[in-house]
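Please read the structure below before turning to the comments.
The values are calculated or read from the model by the stated rules, or taken from the named source; none is laboratory data. On a predicted model such as this, the values are computed, not experimentally measured, just so you know. Neighbour counts run over all protein chains shown; Cβ positions are idealised from the backbone, glycine included. Accessible surface is based on the protein model in full, side chains and every heavy atom, while ligands, DNA and RNA are left aside. Shrake-Rupley method; radii C 1.70, N 1.55, O 1.52, S 1.80 Å.
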Amino acid sequence: MRPSEREATLYRWIARNQRLEPDRAARELGLDREEIDAALLSLTGMGLLKADAEDPTRLRPVDPDLVGVVVTGRLEAAIRTQQAELHRIREQFSDLRGHYMDSLSHASADVEIVPRVEEVRAALNRASAECAEEMLTSQPGGRRDPAVLQEALGRDSALLARGVRMRTLYHHTARFNGPSQAYVATLSALGAEYRTAHQLFGRLIVFDRKIAFVPEHGDSEGAVVVREPSLVHYLSEIFEQTWSLAEPFSDAAVDGLEAVAKDVDRTIVRLLAAGLKDETIARRTGMSLRTARKHIADIMETLGAESRFQAGFLAARSGLVDFVEPGSENS
């Protein structure tokens, strides 16, 4: 409870005049007698006015700080009670969340983190051995480790021998890599299918559209194993869209080294015009950062460009690529 503006006005009048004359107060404050009486009753009830000890019919003002301590004390006690209740409720929900998180860690294996490369290889070998119909693979990067390819050769040959359809996406730059060329030639003869694209969405392996492997975020060599049907379907659809736009794998020498190189340069120019960083361009085109930067320097020198954006503009004007507005590419 606290005084209204009318009650506060009357309290100030009484404090200033040191006495209560209801009719005079009503006249000077512009109030009627009923309003004065109601305000007096409320002020007395709050303890802001009390009867004079010598003259009970006379009211005197009481120190509002003292009254305020009493009033706010009750309010503070109520707040403390509510805070205690709030804390209790939060603890109850926190305890329930603990049980919820515990259930997630035990009840679902739809998404699993495999942190170490040795465990990833074991998981891939197990999934490969269980695969019965189809394997989809996206392998970004132009250079493949011969040791890794040799290990994959036995696993993939066994898949093909069982009649499993195997399709793999590479970057165009893989056409220049000798080990990749030899690997593709060997497995293509056994029925595997390979295509290349200017850009890939990332590393992905899907077995029978039931289980997918994607890289763990960051620099880790671990993997995330996905079994949730909707997510696996989504990843498979991304593969299919890229596959439909990709070109059959062929040796760069067969296609003509100059033609393939120009094709790669067109992609780099388009990414430059979009304002992408060297690291992103290297990742998108499957090159090492050093190789990508060399290509970028050569392209800018050939075009006579002083900036990346100018390189894109000059290339578009010359008909080398379509002009791309900055920011239209995602990094």
Across the stretch 114-161, the tally of residues that are assigned to a loop (DSSP other than H, G, I, E, B) and surrounded by 15 or more Cβ atoms within 10 Å (Cβ to Cβ) stands at 6
In the set I36, I89, the lone residue that is in a helix (DSSP H, G or I), open to solvent by less than 90 Å² (accessible area, probe 1.4 Å) and touching a residue at least 24 places away in the same chain (Cβ under 8 Å) is I36
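Can you report the number of residues in the stretch 272-297 which are within 17 Å of T173 (Cα to Cα) and part of a helix (DSSP H, G or I)?
The initial filter retains those residues of the stretch 272-297 that are within 17 Å of T173 (Cα to Cα), namely 278-296.
Subsequent filtering for residues that are part of a helix (DSSP H, G or I) retains 278-285, 289-296.
Here the count works out to 16.
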Here the qualifying pairs (Cβ atoms under 6 Å; residues six or more apart or on different chains; first in the stretch 16-29 and more than 13 Å from L59 (Cα to Cα) and open to solvent by less than 100 Å² (accessible area, probe 1.4 Å); second assigned to a helix (DSSP H, G or I) and charged (D, E, K, R)) come out as A26/R33
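Could we say that R6 is within 30 Å of E76 (Cα to Cα) and either aromatic (F, W, Y) or not in a helix (DSSP H, G or I) (or both) here?
Details: within 30 Å of E76 (Cα to Cα): yes; either aromatic (F, W, Y) or not in a helix (DSSP H, G or I) (or both): no.
Criteria not met by R6.
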Contact list, first residue from the stretch 162-180 and in contact (Cβ under 8 Å) with a residue 24 or more places away in the chain, second anywhere and of a type in the set (D, E) and open to solvent by 10 Å² or more (accessible area, probe 1.4 Å), beta-carbon distance below 6 Å, six or more apart or interchain, is R165/E134; R167/E193
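Name the residues in the stretch 203-215 that are open to solvent by less than 50 Å² (accessible area, probe 1.4 Å) and within 19 Å of the chain's Cα centre (by Cα), would you?
Of the residues in the stretch 203-215, the ones open to solvent by less than 50 Å² (accessible area, probe 1.4 Å) are 204-208, 211-214.
Hit for the stretch 203-215 is V214, nothing else.
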